[in-house]
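Structure, as structure tokens:
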Amino acid sequence: MTYKEPAVDEASGSKPEHETKVADLTVIDTVLRALGAVEYVRLTKHCANYRFTASGRNMLATMVTVPELDGTFIELETLAEPDDLASALADVRAVLTVLGIDERDLTSEQYTDAVINARS
């Protein structure tokens, strides 16, 4: 389960994340509903993760496909302290450039919103 804080960089959509494992989906569904959460959208997201080092940083590249959306997406992440954010984002963008991905290819649209739009 991932909780994403508000974006710290509007251009990239970069957000601090807090993750934990969920052992039983039924239990977490019960907890969320008891807290007043309502299911917004349900979708399938297939991921393949790749770890590597670039510019002295540990990076995680996740190749993502969502059956309802055209194309393959890449999520590229690295850990950074708030005072190192600009440098970390520059390093992430450098890796994207090496992969042939430029600013026109980037999106901050969430998968949930893209799936809802595709369904309507």
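Values quoted throughout were computed directly from the atomic coordinates according to the rules given, and no laboratory measurement underlies them. Bear in mind the structure is a predicted one, so any value in this text is a computation, not a measurement. Quick reminder, even Gly has a Cβ in these numbers, built from the backbone with ideal geometry, and neighbours come from all protein chains shown.
With the charge dipole of region 16-106 set up from +1 on Lys and Arg Cβ and -1 on Asp and Glu Cβ about the Cα centre, the Cα lying farthest toward the positive end among the listed residues GLY100, HIS18, ASN49 is that of ASN49. Checking every one of the chymotrypsin sites (Phe, Trp or Tyr not before Pro) in region 21-97 against DSSP loop status and a limit of 14 other Cβ atoms within 10 Å picks out TYR40. Which log10 I(q)/I(0) values does the chain give at q = 0.12, 0.13 Å⁻¹ under the Debye formula, counting every alpha carbon as one identical point scatterer? So the normalised log intensities are -0.55, -0.64. Here is how the number arises for the chain: DSSP H runs of 4 or more residues each give -39500 (n - 2.57), the sum is divided by the residue count, and the result at 222 nm is -8500 deg cm²/dmol.
Counting beta carbons within 10 Å around each of ASP84, ASP91 and listing the fewest first gives the order ASP84, ASP91.
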